[in-house]
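To start, the structure under review is shown below, and the notes come after it.
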Amino acid sequence: MMARGLPGTLQRVLYRYRNPLAFRYGALLGLMYVGCCVQLDYRRPGVSTAWLTWTGTGLSALSFLLLVNAFYGQRQAGDRVHQTFRWIQRTATVLMALFITYSALLYVNGRFDQSVPTEQPAEILTITRTNLPGGIFGPVSMATVRIAEHPEDTHAVLLAGTEPSKLWPGEPVLIHRRAGTLGLSWVSRIERDEEQYWKKVLAQMPESADPWKRLIVFYFQHHRPKDAALAATRYFEIRTDDYEYACDVAGTLAVHGMTQEARALLEPFAEQRPDYWMYDVLASLFHRLGDHSKALKLFHAAIELDPENPQAYFELGYLYKDMSRFEEAIAMFKKVLQYRPIFPEMEEQIQLMQAQVAARSHH
Amino acid sequence: MAASVTYKKMRLLLAIVAAVVYFFTKQHLAQMDDWLFQPSWQGSKGLALYSVGNLNGAATAYRAHFKAAYDAGRVGYDPAMAALLAGEHAQAKELALGILAKEPDDIQAELTLAEVALAERRYSDVLEGTKHVLNLRTDQADALMLTSLAFAQTQHVDEAIDAMNRTLRHGRIASRPSIFFRLLETTGDLEDLPRDQRPLALLANYYRYLRIHDEANGRTAIRYAKRAVRTGDRPADAYLAMGIVYEKQGKPDQALDALLKAIEQNPNHAEALDWGYRVYLKRGDLLNAYHMARAAFEAAPADPFYEQHLNTVLVTRLGNFREAEPLLERAVQSTPTSTHALWSLGYVYGMLGKDQESLACFQRAVQLDPNNAELYEELGHSLARLRRKDEAVAAYRQAISLNPSRYQSHTALALYYTKQFRHREALQEYEMAFHLGEPKDSLRVQMCIASHVLGDFQRSVECLQTVLTRDQKNEAARHLLPQIRHNLDLQRSKL
């Protein structure tokens, strides 16, 4: 019926070679393909890894047999070959159905997973690069890993995406595990354990700047400012001239609330190399730490270096406010407005300070 | 009836088999070089003989093809090359000498003479000619390959392998088709030697070269390399060929395994060490990459090629400036016109706080290469460190004008404007940098601050919200957002 509108030759071909079995296996193989992709995307460590590769191999062989059967399926019932194929067909259908169902479960488990990944330190022991059958999926790599918490156990896990080209045996890695909507824990990512790696590099080459910087960035990105401060202290003991980076790290530490550490880091640089931003950042740190006289001195030193930059006036205004020197605070906030005319916060502060001055004079 | 159905199905199966064969043949031919496909009967014969592994026969057939084309006046190449390909050596020599009479340093004419000498088995003349070319241009690929072929013909296997390694280490191959066909011929000659006299390691390396023209030769290279290792014929060179082919085939672990075995066989094999460096660097293992680069440099301290790799890993990957400084000073001294060496030394001086010296390097570098935007960026950084504000801005602007689509120059200028409290200009540059593909999200916060300073609080809030959507835990954005929202509220209440 469907072929009615097709040209004669195509109609004849479709008629001659139509075979419900072939279509059924075609659809099943398609679902198998999707299933394999799902199992790579939402991979589970351990048994299922081996299952995926071996199942893929087995089912590819079976699918070939079944397609041959589909061509020669018109044999007489009772024929031994026919019976063998029927047995293979039933077994394969059950296996394929199981594989597809498991893949569907993994999809639901991973796709709708809202859990936060946990990072599990491990070491890669071996990487085996294999081709899944037929070259449909391209090369697939399987890694054996040793989890740091349980060094006596090893696990197999598939490597996905760009992981195979970036990981190697002996490398410390972080396995990002997620809980899974259905409680089946799965691996979302495997990446190099930057902390372990850079520490290893630094143990051999402590004078190298980049590994230190990478380590510091790693700690900040993983919200470990204390470790970042420690690494930065070690780095600046070696690189006493990297003042720009010192400013950056001190600023980031201050944002993370590590004011004391930021000050300790920056103070030696201020003496060594006078710079507007160095003075400004350091003065703000002293302000936060309550050392107003030092803060005052440094803000004035900054202004002396660049009188047209309103940043120091802004900070100094708040310092004067905290010191209850309201007239001077007003003067500073007005100075800020001179360079940043659209700044409602300053107008608000000026009004507040003026009220304080009025109240004081009233008393 | 049943027989007819079976016959038709057999026909269908045969058609499927034919389609599969066609598909794989097409795939195989697609990765072969155009030089192997010559549109004539002799050309097709050459391809067929090449495909069955008869390289000598293939070279002869190809030569016959070129001869026929030459005789018919269909040359397709410059006259000297056409004569060479056709085997008209006297003609080729005459043409080359004519060119050299007008232009004594013409490299192509020198190479033609060297090729003629090779064809006439005057090997010392080949080496003399190629030496002249190599003096004019270091590691010129055609000259090195001719050198290798001359050494191969005179059984100087070590020198032949060394010259070939030097050819390929820059990622270049000989550009003259005549050399390719000469290589086919020489490889065929070597394969025709009695089994126990074949230089297996050299054959492995020549097939490594031929792999570039036809990937299928990689398998042959590995086969020869394994045999060379088994028979103890220059195992280090054999392992090196194996490692490189594996690396090209996308098998990094096997490549590294082979390269480490090459180094085990000969710990001073600079090329094997250098390839070890490359493989380690590619997978991001800087520590081992450094050890390999260092060992390669120590194995061949006079070779600037290995020194450059050591500098790359020291300067741009590890930031080990103190170790790099004397090496780079030496590099600049030996090649004062190398902008790469000047760039590296300038950068290292800057990192070590030697700002005046750094500036001098970049000034020299931009004089040598005035169209290089990257160099102007570095010049800008140097000037900025010396607080020469206007000159720094001018250098960044020059970088932008040389390559307006390079986001790095816009970012550099934006950051400099930020430091100078020139937020309006900074904002423009940030926007342009992100438009052109700046990937660093941390810089977005700077862009948001610029909007805030300019009084555009609404835009600043939106900008920070975007940052927080990308990185929920961005401390700087979280810290700034309430402060800027407060200003926005005040501004709105005023209105």
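The values are calculated or read from the model by the stated rules, or taken from the named source; none is laboratory data. Bear in mind the structure is a predicted one, so any value in this text is a computation, not a measurement. Reconstructed Cβ throughout: ideal geometry from the backbone, glycine too, with neighbour counts over all protein chains shown.
Go through the range B:310-320 residue by residue and tally those that are surrounded by fewer than 22 Cβ atoms within 10 Å (Cβ to Cβ), part of a helix (DSSP H, G or I) and either touching a residue at least 60 places away in the same chain (Cβ under 8 Å) or facing chain A (nearest Cβ under 9 Å) (or both).
2
Show the residue pairs meeting these rules: Cβ distance below 8 Å; 6+ apart or different chains; first residue within the range A:149-168 and assigned to a loop (DSSP other than H, G, I, E, B); second residue of a type in the set (Gly, Ala, Ser).
Going by the 8 Å Cβ cut-off, the qualifying pairs are A:Leu167/A:Ala143.
Specify which of the listed residues (A:Ala331, A:Ala302, A:Ala355) is farther than 29 Å from A:Met258 by Cα and either within 14 Å of chain B (Cβ to nearest Cβ) or at pLDDT below 95 (or both).
Within the list A:Ala331, A:Ala302, A:Ala355, the selection yields A:Ala355.
With the requirement that a residue be in a helix (DSSP H, G or I), surrounded by fewer than 24 Cβ atoms within 10 Å (Cβ to Cβ) and either among the acidic types (Asp, Glu) or in contact (Cβ under 8 Å) with a residue 24 or more places away in the chain (or both), what does the range B:230-244 give you?
B:Thr231, B:Pro235, B:Ala236
I'd like to check something: does the range A:126-142 contain any residue that is at pLDDT 85 or above, closer than 17 Å to A:Pro172 by Cβ, surrounded by fewer than 16 Cβ atoms within 10 Å (Cβ to Cβ) and away from chain B (no Cβ under 13 Å)?
no
Mind checking whether some residue in the range A:230-248 is crowded, with 16+ Cβ neighbours inside 10 Å, facing another protein chain (nearest Cβ under 9 Å) and at pLDDT 90 or above?
no
Determine which single condition A:Ser188 fails, assuming it passes every other condition in (1) more than 10 Å from chain B (Cβ to nearest Cβ); (2) surrounded by 15 or more Cβ atoms within 10 Å (Cβ to Cβ); (3) in contact with a helix residue (DSSP H, G or I) (Cβ under 6 Å, 6 or more places away or on another chain); (4) modelled with pLDDT of 90 or more.
(3)
Regarding B:Tyr306, is this residue within 17 Å of the chain's Cα centre (by Cα) and either at positive phi or modelled with pLDDT under 95 (or both)?
It is true that B:Tyr306 is within 17 Å of the chain's Cα centre (by Cα) and either at positive phi or modelled with pLDDT under 95 (or both).
If you check A:Asp210, A:Asp241, A:Asp227, A:Asp248, which single one turns out to be part of a loop (DSSP other than H, G, I, E, B) and acidic (Asp, Glu)?
Every option except A:Asp241 fails the conditions.
So which residues in the range B:421-441 are in a helix (DSSP H, G or I) and either exposed (fewer than 15 other Cβ atoms within 10 Å of the Cβ) or under 31 Å from the mean Cα position of the chain (by Cα) (or both), if there are any at all?
B:Arg424, B:Met432, B:Ala433, B:Phe434, B:His435
Kindly indicate which of A:Leu215, A:Leu174 is aliphatic (A, V, I, L, M), under 21 Å from A:Pro151 (Cβ atoms) and at pLDDT 90 or above.
Details: A:Leu215 fails: under 21 Å from A:Pro151 (Cβ atoms).
The unique qualifying residue is A:Leu174.
Of (1) within 11 Å of chain A (Cβ to nearest Cβ); (2) assigned to a helix (DSSP H, G or I), B:Gly455 satisfies all except one. Which?
All conditions are met except number (2).
Given B:Ala152, B:Ala163, B:Ala225, which one is part of a helix (DSSP H, G or I), touching a residue at least 12 places away in the same chain (Cβ under 8 Å) and touching a Lys or Arg at 6+ places or on another chain (Cβ under 9 Å)?
Values: B:Ala152 fails: touching a Lys or Arg at 6+ places or on another chain (Cβ under 9 Å); B:Ala163 fails: touching a Lys or Arg at 6+ places or on another chain (Cβ under 9 Å).
From the options B:Ala152, B:Ala163, B:Ala225, the qualifying one is B:Ala225.
Give B:Glu103, B:Glu88 a once-over and let me know the one that is acidic (Asp, Glu) and either under 20 Å from B:Asn217 (Cα atoms) or surrounded by 13 or more Cβ atoms within 10 Å (Cβ to Cβ) (or both). Spell out how you get there, then give the answer.
Values: B:Glu103 fails: either under 20 Å from B:Asn217 (Cα atoms) or surrounded by 13 or more Cβ atoms within 10 Å (Cβ to Cβ) (or both).
From the options B:Glu103, B:Glu88, the qualifying one is B:Glu88.
Could you say which residue among B:Ala64, B:Ala117, B:Ala80 is at pLDDT below 90, over 21 Å from B:Leu36 (Cβ atoms) and in a helix (DSSP H, G or I)?
Being at pLDDT below 90, over 21 Å from B:Leu36 (Cβ atoms) and in a helix (DSSP H, G or I) holds for just one of B:Ala64, B:Ala117, B:Ala80, which is B:Ala80.
I'd like the full set of residues that are buried (at least 16 other Cβ atoms within 10 Å of the Cβ), touching a residue at least 24 places away in the same chain (Cβ under 8 Å) and in a loop (DSSP other than H, G, I, E, B), limited to the range A:319-357.
A:Arg340
Going through the range B:277-309 one residue at a time, which ones are in a helix (DSSP H, G or I) and within 13 Å of another protein chain (Cβ to nearest Cβ)?
Of all residues in the range B:277-309, those in a helix (DSSP H, G or I) come to B:277-282, B:286-299, B:304-309.
Once the filter is applied, which keeps residues that are in a helix (DSSP H, G or I) and within 13 Å of another protein chain (Cβ to nearest Cβ), the range B:277-309 yields B:Val279, B:Tyr280, B:Leu281, B:Lys282, B:Leu286, B:Leu287, B:Asn288, B:Ala289, B:Tyr290, B:His291, B:Ala293, B:Arg294.
In the list A:Leu285, A:Leu296, which residue meets the criterion of being away from chain B (no Cβ under 14 Å), at pLDDT 95 or above and within 30 Å of A:Ala228 (Cα to Cα)?
On inspection, the qualifying residue turns out to be A:Leu296.
Given the residues B:Ser344, B:Ser405, B:Ser358, B:Ser382, which is the only one that is free of Cβ contacts under 8 Å to residues at least 60 places away in the same chain, outside any helix (DSSP H, G or I), outside the structural domain of B:Leu488 (by TED's automatic domain parsing) and not acidic (Asp, Glu)?
Going through B:Ser344, B:Ser405, B:Ser358, B:Ser382 in turn, the sole match is B:Ser405.
Quick grid of which residues meet (1) at pLDDT below 90; (2) farther than 30 Å from B:His132 by Cα; (3) not in a helix (DSSP H, G or I):
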{"residue": "B:Val5", "(1), (2), (3)": "yes, yes, no"}
{"residue": "B:Met10", "(1), (2), (3)": "yes, yes, no"}
{"residue": "B:Ala18", "(1), (2), (3)": "yes, yes, no"}
{"residue": "B:Gln27", "(1), (2), (3)": "yes, yes, no"}
{"residue": "B:Gln42", "(1), (2), (3)": "yes, yes, no"}
{"residue": "B:Ala58", "(1), (2), (3)": "no, yes, no"}
{"residue": "B:Val75", "(1), (2), (3)": "yes, no, yes"}
{"residue": "B:Ala90", "(1), (2), (3)": "no, no, no"}
{"residue": "B:Glu94", "(1), (2), (3)": "no, no, no"}
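Yes or no: the range A:305-314 includes at least one residue that is more than 13 Å from chain B (Cβ to nearest Cβ) and either part of a helix (DSSP H, G or I) or under 33 Å from the mean Cα position of the chain (by Cα) (or both).
First, pick out the residues of the range A:305-314 that are more than 13 Å from chain B (Cβ to nearest Cβ): none.
Within the range A:305-314, not a single residue is more than 13 Å from chain B (Cβ to nearest Cβ) and either part of a helix (DSSP H, G or I) or under 33 Å from the mean Cα position of the chain (by Cα) (or both).
Considering the range A:191-215 alone, what residues qualify as being more than 10 Å from chain B (Cβ to nearest Cβ) and crowded, with 18+ Cβ neighbours inside 10 Å?
A:Asp193, A:Glu194, A:Glu195, A:Leu215
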